[in-house]
Amino acid sequence: MPTRNVVLTDHHEKVIEELVRSGRYQNASEVLREGIRLIEKREAAEKAKLEALRAAVTLGATQIDNGEYLEFDEQGLSDFFDSIEAEIDRPVTAPVR
């Protein structure tokens, strides 16, 4: 396994020492590996979010190009949002059997 020297702040050194002392980790290397795993997980989640956003933008642009959109004037937009609010405020009823 490759070895690397890392410069830590006093705060980070104390955090690592506490985690090892608590027994959650055997040594500083385990703490750092866990930190790297968390970064990898976060990076993967951010990448997935960005890919989903790009796909949504592409879909939206395609829909606009195909004329699949609605145009509203100021009053129409206000009415549209009012209808959404009314739908949200409407009580949910159980289905009739």
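Readers should treat all values here as calculations from the given coordinates under stated rules, not as data from a laboratory. Since the model is a prediction, treat every value here as computed from it, not as a measurement. Glycine also receives a Cβ, built like all others from the backbone with ideal geometry; neighbour counts cover every protein chain displayed.
Worth pointing out:
- Where labels lie 7 Å past Cα in the beta-carbon direction, separation of V6 and K41 in nm: 1.6 nm
- Positive-end residue, the chain charge dipole about Cα centroid, Cβ charges, pick of N66, N27, T93: N27
- Using just its DSSP H runs of length 4 or more, each adding -39500 (n - 2.57), the chain gives a mean residue ellipticity at 222 nm of -23500 deg cm²/dmol after division by all residues.
- As a calculated quantity, the FRET efficiency between D65 and R97 at R0 = 41 Å, using C-beta atoms, amounts to about 0.35.
- Here the Kirkwood formula, the inverse mean of 1/r across different C-alpha pairs, assigns the chain a hydrodynamic radius of 19.8 Å.
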